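The values are calculated or read from the model by the stated rules, or taken from the named source; none is laboratory data. Please read these numbers as outputs of a predicted model, since none were measured by experiment. Please note: Cβ atoms are built from the backbone with ideal geometry, for glycine as well, and neighbour counts cover all protein chains shown. Ligands, DNA and RNA are excluded from the accessible area calculation, which covers all protein heavy atoms including side chains. Shrake-Rupley method; radii C 1.70, N 1.55, O 1.52, S 1.80 Å.
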Amino acid sequence: MANWEDLADRVITTDLLIIGSEGAGGTAAVSARKRNIRVTIATKGSDIRRSGASVTGDGDLSVDSTSLVRRFGLTMAREGDSPEVFFMDMVRGGKYLNNQKLVEIHVQEAPDRLQELKDWGVPFVRVGQASGHSFPRGVFIPGPKLMPPIRNAVLQSGAEVITNVMITDLLTDRNRVVGAVGIDLETGGFIVFQAKAVINAAGGCMRIYPYTTAPEELTGDGMSMAYRAGAELVNMEFPMFLPGAFPHPEIVKGVDFPFLISTAGTRMWGAMLNCWGDRFMRHWDPDKLEHTTRDICSVAMMMEVRQGRGSEHGGVYVTFSHLPKTIVDRFEKISPPEAYFEYGGFPLKKILPDLKEDAIEAVPACHFWNGGIRINERCETNLMGLFAAGEVTGGVHGANRLSGNAYTEMVVWGTRSGIFASEFVLGADYGTIDADQVAALKQRVYRPLENEGGIGPVEARKELMTLAWEKVGIIRNGPELEEALRSVREWKENRVGRVTPRDKRRSWNRDWIFALEYENMVQILEMVATAALYRTESRGANYRLDYPMTDNDNWLKNIVAKQEDGQLKLWTEPIVVTKYQPPAGVFPYGKLEPITK
Amino acid sequence: MHAEPSKTVKPINVEIERYDPDTGESWRQKYQVPLEAGWSVLNVLNWIYENLDPTLAYYYSCRIGKCEGCDCVVNGEKKLVCNTLAEGDMVLEPLSEFQVHKDLLPNRFKARVSVGGRRKLRI
């Protein structure tokens with residue numbers, strides 16, 4: 001057998017490899033570099049801030065309100081809040097499935113991380129209060145204002161950034177991760193990274209759904225590669241949906257403007273109607289209507305669609321027509337245009353009907369991934385040398401994330417992963433890279449280019465998205481989940497590995513990358529569907545028509561997923577409780593909402 | 001599920017400046033696209049990639065005007081293709097300030113050195 005080095009077009013040896021360059025990966029690099037170790041970031045994007053979810057945030061960063069007043073002088077926040085109150089909101093909002101050890105750290109460390117962003121020059125625009133929060137905690141920072149300062153901090157830290165690289169698999173030496181392999185998108189060359197430790201900060205898998213607010217490349221690569229390497233994943237039945245993106249027209253598909261004018265915050269103006277003109281949220285939450293939590297609102301919207309009361313393009317309607325025109329004009333005048341009618345630079349006024357008289361369509365869109373790689377307080381996984389941070393992980397948010405906590409997770413856990421991974425690096429050697437393993441992973445990567453006659457990656461991807469949406473989406477049902485799993489297993493058997501790119505060249509080949517991403521997406525979909533079927537109750541983003549109650553007597557448990565002997569294995573573990581023992585009993589879905597004053 | 005809504009389609013001509021790094025060749029390629037109302041320039045590029053030409057290279061990530069990674073020259077003006085409405089025939093070229101990886105894909109780490117015409121440079 002050849003040396004593993006001979007199998008690579010390029011070998012990169014580093015102390016710490018970070019997969020993903022944005023909020024979590026970037027802050028991980030900055031904190032790891034403080035120990036003066038060699039840090040290498042690899043990203044699928046063309047540069048920091050040009051890919052990933054962080055730059056797309058609308059975006060609040062949640063910190064307890066008292067700290068915002070006292071430490072940051074933000075007067076729109078309010079005294080009386082504390083990390084303990086924030087903790088309780090998160091645990092209630094997460095429908096009790098959060099790892100409470102992680103939540104305690106999350107709320108404690110948030111102010112320090114906000115200070116760090118301030119020191120890096122990140123501007124704080126205003127503070128808002130979103131549903132599920134007892135206090136105004138959301139420091140509004142638009143993604144395009146957040147990421148350039150993080151980019152500068154990363155570059156100044158001396159971390160090496162390698163762009164346009166898709167990491168495909170982790171390298172293992174028994175129970176330890178010793179590096180990774182990937183493709184240089186420019187040359188198509190095979191890169192082997194030899195590293196003492198790896199931080200996986202590769203983000204979520206929102207792209208398995210056709211409606212998503214997430215960027216193109218979030219195809220679950222990080223979770224899938226961890227799974228294939230033997231890592232444990234948790235809470236995979238809980239993707240998160242944002243109630244209100246455009247299903248149409250195509251230019252704004254996935255843009256969350258309908259959400260921003262209706263369900264966002266605690267008092268936006270827009271009303272949601274079904275095609276009979278009924279403001280259907282009154283049946284679900286008569287007090288808060290559209291301002292109930294995002295999971296319930298998403299379920300309510302899809303129930304309208306499922307029962308034939310939806311809009312032309314498969315959603316529901318949002319309108320201002322119930323309000324006097326003077327008030328709507330006032331709304332436009334006092335709202336920051338870039339957050340509303342000039343959102344994302346889109347010509348919204350040109351595309352949309354007059355909201356004073358007409359309605360726009362809205363569909364729930366996959367916005368976040370609550371589940372992911374299971375980590376402990378030190379961002380360690382069950383594999384030695386593999387750390388994880390940010391959206392790729394599961395546990396912090398339980399079954400549902402509160403608004404503003406994605407940014408907080410990104411900086412708190414990104415930074416922590418850098419601290420603990422660098423500590424590990426100082427006492428570690430390089431481990432042993434197995435040439436046979438490298439050869440097999442290389443073969444897997446290049447195999448699609450040799451395929452003939454299989455389904456094309458674009459078509460395969462679309463079929464997967466349709467199946468995910470229709471059978472493993474927001475409203476779930478045992479028989480439909482089983483049907484989805486039959487398709488997924490059939491694909492794993494007969495389709496994955498045979499997807500055929502139309503272009504056979506190695507350089508800048510989108511079809512090829514799509515084919516590799518497709519394998520990851522299928523793997524994630526299998527995990528979501530299997531865990532959703534396993535959880536015979538309704539909670540958070542797992543709403544089951546056949547098990548409509550929230551069952552605290554039997555389901556105060558996390559579902560853990562792991563690959564064993566090539567098969568997906570699931571088991572349950574009791575939730576991790578430190579401070580708050582959730583109530584026993586069986587409740588109707590949505591009745592465990594935080595009681596906010 | 002819901003019925004497929006009716007679509008209004010208008011055929012348009014799209015001319016794209018191509019560059020193949022393997023051969024060093026540059027050329028302008030024309031495509032005909034059945035434009036639907038409410039498509040962005042990015043939707044047009046995706047349609048070409050999906051239906052006509054898998055070799056067409058371009059970059060995008062967020063699709064919502066935030067990552068600013070999809071900027072190209074659209075009918076002579078620098079724009080993000082994701083938030084620019086496609087309304088008729090168009091000419092698409094890569095950014096003029098960077099060297100080109102392939103087609104519309106800029107190499108953001110390498111400035112274009114000459115002030116001369118790009119096509120001349122490559123020949």
Would you mind telling me the antiparallel percentage of the DSSP bridges in chain A, rounded to 5?
65 percent
Non-local amide H neighbours of A:ILE162 (under 5 Å, H modeled in plane, Pro and chain starts lacking H): which ones?
A:ILE41, A:ALA42, A:THR43
For a protection proxy built on the mean count of beta-carbon atoms within 10 angstrom, sort A:313-321, A:14-22, B:51-59 highest first, please.
A:14-22, A:313-321, B:51-59
Other chains near A:53-59: what is the mean number of their Cβ atoms within 10 Å of each residue's Cβ?
3
Env charge @ A:THR393, Cβ radius under 9 Å, K,R +1 / D,E -1, value -1
Using every alpha carbon pair in the range A:282-355, what percent of pairs falls into each 5 Å bin from 0 up to the bin containing the largest distance?
3, 12, 15, 20, 20, 20, 8, 1
If you check each cysteine of the protein assembly as shown for another cysteine whose beta-carbon is under 4.7 Å away, which ones come up empty?
A:CYS205, A:CYS275, A:CYS297, A:CYS366, A:CYS379, B:CYS70, B:CYS72, B:CYS82
Would you please name the GluC sites (Glu not before Pro) within the range B:1-101 that are DSSP coil residues with at most 12 other C-beta atoms within 10 Å of their C-beta?
B:GLU97
Protein accessible surface hidden between B and A, which excludes ligands and nucleic acids, total in Å², probe 1.4 Å
3700 Å²
Just how large is the dipole of the range A:327-401 about the Cα centre, in debye to the nearest 20, putting +1 at every Lys and Arg Cβ and -1 at every Asp and Glu Cβ?
220 debye
Normalised convex hull volume, the range A:519-592, alpha-carbon set, Å³ per residue:
108 Å³
When Cβ neighbours within 10 Å are restricted to other protein chains, what is their mean count per residue of peptide A:457-464?
1
In percent, what relative contact order does chain A have, based on Cα pairs under 8 Å that are 6 or more apart in sequence?
21 percent
The range A:66-72 - phi-based ³J(HN,Hα) in whole Hz, Karplus 6.51/-1.76/1.60, Gly and Pro as x:
4, 4, 5, 6, 6, 8, 10
Viscosity 0.692 mPa s, temperature 37 °C: what is the translational diffusion coefficient of the range A:203-275 from Stokes-Einstein with a Kirkwood Rh over Cα pairs, rounded to a whole number of µm²/s?
229 µm²/s
Using mean Cβ contacts within 10 Å as the protection proxy, how do A:353-363, A:140-150 order, highest first?
A:140-150, A:353-363
With every protein chain kept in place and a 1.4 Å probe, the residues A:TRP491, A:TRP269 fall, from largest accessible area down, as A:TRP269, A:TRP491
At 222 nm, what value in deg cm²/dmol follows for the protein assembly as shown if DSSP H runs of at least 4 each add -39500 (n - 2.57) and the sum is divided by all its residues, to the nearest 500?
-9500 deg cm²/dmol
Bin width 5 Å, origin at 0, all Cα-Cα pairs of the range A:409-501: what percent of pairs per bin?
2, 11, 12, 12, 10, 11, 13, 16, 11, 3, 0
Mean separation of Cα contacts under 8 Å, 6 or more apart, over the residue count of the range A:120-195: relative contact order %:
18 percent
Looking at the range A:54-151, which GluC sites (Glu not before Pro) are DSSP coil and have at most 14 other C-beta atoms within 10 Å of their C-beta?
A:GLU79
What ranking of A:ASP9, A:ASP295, A:ASP546 comes out by heavy-atom accessible area, probe 1.4 Å, highest first?
A:ASP9, A:ASP546, A:ASP295
What are the equivalent ellipsoid semi-axes of the range A:443-597, built from the alpha-carbon gyration tensor (square roots of five times its eigenvalues), in whole angstrom, biggest first?
38, 16, 14
Put A:TRP413, A:TRP469 in order of accessible area, largest first, 1.4 Å probe: what do you get?
A:TRP469, A:TRP413
In Å², what does the accessible area per residue of the range B:24-74 work out to with a 1.4 Å probe?
32 Å²
Relative contact order of the range A:245-341, defined on C-alpha pairs under 8 angstrom at six or more residues apart (%):
26 percent
So for the range A:350-427, what percent of the C-alpha to C-alpha distances run longer than 17 Å?
55 percent
Considering only protein heavy atoms and a 1.4 Å probe, what is the carbon-and-sulfur percentage of the accessible area of the protein assembly as shown?
48 percent
Filter B:LYS10/B:LYS79; B:LYS79/B:LYS110; A:LYS118/A:LYS562; B:LYS30/B:LYS78; A:LYS350/B:LYS110 down to the pairs with a C-alpha to C-alpha distance above 28 Å, please.
A:LYS118/A:LYS562; A:LYS350/B:LYS110
Cα gyration tensor shape for the range B:64-107, rounded if a/c is under 1.5, else prolate or oblate:
oblate
In whole angstrom, how long is each semi-axis of the equivalent ellipsoid of the range B:1-118, when you take the square root of 5 times every eigenvalue of its Cα gyration tensor and sort them from largest down?
27, 16, 13
State the three equivalent ellipsoid semi-axes of the protein assembly as shown, derived from the C-alpha gyration tensor as the square roots of 5 times its eigenvalues, in descending order and whole Å.
35, 32, 26
Spelling it out for A:ILE199: with amide H atoms placed in the peptide plane at 1.01 Å from N, the residues 5 or more places away or on another chain with amide H under 5 Å from its amide H are A:LEU17, A:ILE18, A:ILE19, A:PHE387
Report which residues of the range B:50-95 become buried by 40 Å² or more of accessible surface when going from the isolated chain to the complete set of protein chains (1.4 Å probe; DNA, RNA and ligands ignored).
B:GLU50, B:PRO54, B:TYR59, B:TYR60, B:SER61, B:ARG63, B:ILE64, B:LYS66, B:CYS67, B:ASN83, B:LEU85
Expressed as a whole number, the average count of other chain Cβ atoms within 10 Å around the Cβ atoms of B:100-113 is 2
Listed pairs A:LYS44/A:LYS442; A:LYS95/A:LYS253; A:LYS557/A:LYS591 exceeding 23 Å between Cα atoms:
A:LYS95/A:LYS253
Within chain A, which whole H helices from DSSP have a Cα span along their axis of at least 20 Å and a mean Kyte-Doolittle hydropathy of -0.5 or more, if any?
A:143-157, A:405-426, A:510-534
